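Participant: Below you'll find the structure I mean.
What follows is calculated from the coordinates using simple rules that are stated; it is not laboratory data. Note that the structure is predicted; figures quoted are calculated from it, not measured. Here the Cβ positions follow ideal geometry from the backbone for every residue, glycine too, while neighbour counts run over all protein chains shown.
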C-alpha cells in the first residue's frame, strides 16, 4: 500500500512488534524505519509504534523527546540550515498507568515548543472536538494541553466506530490539507487517516517544498 499510494511518511500505532522481530522483517525498501516496541515500557503484549519515512528525506531520531517513558516515537525531519520539524507518533492505551499518561502529556508540550506534527491513537472517546466537551479528567487535561500549546486538531470524522480516537495535531493550522478518513487497514478495527503535510524539507541536499502523508492503523 505504501508503494501504491507513494506515501512519504507512514506512522503506525499498535505495531505489536517485539525484540524477537528483526528490523529486516519490518523494513520497507526505499524508506528509513524507526521503531519503538512496547517491551521497553511495560511487560504486556500489543502496543508499539513505527515510523517509515522516504529515504530521500533527511531525518534522525530525537533522543531528548524519546527519553519520556510512554509509547511514543519522535524524529526530526531536517528542513534547512539549522531547521527541523518534530514528527511524533503516540499511542495511549486505555489501560495506561498514570505515570505513562503524564509523560505523554509532558512530551507533547515539549515537542510543541518547535514546529511539530503529532499523530497517533490517543483513545479519548469522550472528547467532542467541535464543542471541546469531555467525560474524564485526562480528557480535560489533554484538551487544555492542546489549547495551551496552540495545537490544531485536524481529524473531524470517527476513526473507530463513532469515536475520533486517531488524531493529527500540528503547531500551525495550515500544515495539513486534504485529510480523509479511509477504510480499515487489514485486520485493524481503526480506520486509516490520510493527509497531505505541507513543509519545507531537504531532498538530496536541495531545499524543496513538498507534501507528505500520514497513515495510521
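Participant: Please express the Cα-Cα pair-distance distribution P(r) of region 56-158 as a list of whole percents, one per 5 Å bin, running from 0 to the bin with the greatest distance.
Facilitator: 2, 11, 23, 24, 19, 11, 6, 3, 0
Participant: I've got another one for you. Quick check: residue separation of residue 136 and residue 28 times 0.36 nm, minus the Cα distance between them. What number comes out in nm?
Facilitator: Between residue 136 and residue 28, full extension yields 35.0 nm more.
Participant: Follow-up. Grab the DSSP H runs of the chain that are 4 residues or longer, score each as -39,500 (n - 2.57), total them, divide by all residues and round the 222 nm result to the nearest 500 deg cm²/dmol.
Facilitator: Numbers: 4 runs with 34 residues, N = 217.
Calculated at 222 nm, the ellipticity per residue is -4500 deg cm²/dmol.
Participant: Using 7 Å Cα-to-Cβ label points, what is the residue 114/residue 189 separation (nm, one decimal)?
Facilitator: 3.8
Participant: Can I ask one more? Between residue 5 and residue 66, what length in nm is gained on full extension when 0.36 nm per residue of separation is reduced by their alpha carbon distance?
Facilitator: Full-extension gain reported as 19.1 nm.
Participant: Viscosity 0.890 mPa s, temperature 25 °C: give me the Stokes-Einstein translational D for the chain in µm²/s, with Rh taken as the Kirkwood radius over C-alpha pairs.
Facilitator: On the way: Rh = 17.4 Å.
It comes out at roughly 141 µm²/s.
Participant: Taking 0.36 nm per residue of separation and subtracting the Cα-Cα distance, what length does fully extending residue 200 through residue 161 add? List each step's numbers first, then the result.
Facilitator: Numbers: separation 39, 0.36 × 39 = 14.04 nm, distance 3.51 nm.
Using 0.36 nm per residue and subtracting the Cα-Cα distance, I get 10.5 nm.
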